[in-house]
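Participant: This is the structure, below, for whatever I ask next.
Just so it is clear, none of the values below were taken in a lab; they were calculated from the coordinates. Just so it is clear, the structure is predicted and the values come from calculations on it, not from any experiment. Reconstructed Cβ throughout: ideal geometry from the backbone, glycine too, with neighbour counts over all protein chains shown.
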Amino acid sequence: MVGHFQEFEDEYLEMMYEFHEAEPGGIVRTGDLASKLDVSPASATEMVQRLATRGYLEYIPYKGARLTEIGLSHGQKMKRRHRLAEVLLSILPYEGNDHETACRLEHAIDDDMEVALSRLITVDTKDPSGREIPEPTPDIAARLSTRSSLISLLDLEENRPATVTAMFMPAEETSAMEQGGFGVGAQIVRTGKDSFSSNGQTAQLSETWMKGVFVDISNDIV
């Protein structure tokens, strides 16, 4: 029951963050919040007051509420995790409802998973609906500032060997990579801007493909 209640808190703060994106610092009427979350106005008011007592919201009777500093941070984190989950689902051969599944996944994403998913994207990546992905909170940003041994082919330096560890691509493209000798486990070297070699095989890859293939450089020999 505690976990279920925590998810409800997350949903409210995440929705408050959506209102914040549209009007930073604005007051959100509980009726508007209730409508967006498909709950009764009474339920929305009760939860808003509960979150206000915990310091996540500033509640203004008869007007509405707005995010406090810690509420903004939490709402931003949840919205970021939701949109990261949607990005992940968009590059997997997933045929379900991306949005509904992302709503479930966001509550299971911890800091370690957020860091891992963050390394799949670039600073200009948007979610499948074209919306900006919120900036990481300072604790996550600090971890992302350190170099990872897992990088995309797009970031692999020329003449540096690496091992293919993951491919986030449609099944047809993954199969083509495997047939060409560039599947998971293959030793690969970048030989030019868009050219690579592996066990005597060579290939030219588009930027989209390079973004979807991840390699480990921790055991390379330079």
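Participant: Just report the Cα centroid separation between segment 28-57 and segment 102-162, whole Å.
Facilitator: That distance is 31 Å.
Participant: Quick one: compute the contact order of segment 150-216, relative version, from alpha carbon pairs under 8 angstrom and 6+ residues apart, as a percent. Provide the component values of the computation, followed by the final result.
Facilitator: Values: 117 pairs, mean separation 31.4, N = 67.
This gives 47 percent for segment 150-216.
Participant: If you line up the long axis of helix 2-22 against the longest principal axis of the chain, both from Cα atoms, how many degrees apart are they, to the nearest 10?
Facilitator: The answer is roughly 90 degrees.
Participant: What relative contact order, as a whole-number percentage, does the chain give when Cα pairs under 8 Å and 6 or more residues apart are counted?
Facilitator: Once normalised by length, the contact order is 16 percent.
Participant: Working only with C-alpha atoms, what are the Rg and Dmax values of the chain, expressed in angstrom?
Facilitator: Answer for the chain, Rg first and Dmax second: 21.3, 72 Å.
Participant: So how do Ser145, Ser90 line up by other beta-carbon neighbours within 10 Å, fewest first?
Facilitator: Ser145, Ser90
Participant: Let me ask something additional. Under 18 Å from a point placed 7 Å out from the Cα of Ala52 along the Cα-to-Cβ direction: which residues of segment 65-89 have their backbone N that close?
Facilitator: 65-72
Participant: A follow-up question, please. So how far apart, in nm, are the two label points at Asp110 and Ile60 if each is 7 Å from Cα heading toward Cβ?
Facilitator: So the label points at Asp110 and Ile60 sit 3.9 nm apart.
Participant: What angle, in degrees between 0 and 90 and rounded to the nearest 10, separates the Cα long axis of helix 69-91 from the longest principal axis of the Cα atoms of the chain?
Facilitator: Approximately 40 degrees, to the nearest 10.
Participant: I need the per residue convex hull volume for segment 57-161, using only the alpha carbons, in cubic angstrom as a whole number.
Facilitator: In segment 57-161, the Cα convex hull volume per residue is 135 Å³.
Participant: Number of Lys-Lys pairs in the chain under 21 Å by Cα, sequence gap 8 or more or different chains?
Facilitator: Number of lysine pairs found: 7.
Participant: Which Cα, out of Trp209, Ala142, Gly185, lies furthest along the positive dipole direction of the chain (beta carbon charges, K/R +1, D/E -1)?
Facilitator: Ala142
Participant: Percent of Cα-Cα pairs more than 17 Å apart in segment 82-144, please. Please list the in-between numbers first.
Facilitator: Values: 716 of 1953 pairs.
Pairs farther apart than 17 Å: 37 percent.
Participant: Largest first, please: the extent of the C-alpha atoms of segment 134-222 along each principal axis, to the nearest Å.
Facilitator: Extents along the principal axes: 43, 32, 22 Å.
Participant: Return the Cα extents of segment 1-133 along principal axes one, two and three, sorted largest first, each rounded to a whole Å.
Facilitator: Projected onto its principal axes, the Cα set of segment 1-133 covers 46, 31, 25 Å.
Participant: Ok, one more. Just to confirm the filter: which chymotrypsin sites (Phe, Trp or Tyr not before Pro) across segment 50-134 are DSSP coil and have at most 10 other Cβ within 10 angstrom of their Cβ?
Facilitator: Tyr62
Participant: Then there's this: What FRET efficiency comes out for Arg131 versus Ser195 if R0 is 25 angstrom and r is the Cβ-Cβ distance? Round to the nearest 0.05.
Facilitator: Efficiency, rounded to the nearest 0.05: 0.15.
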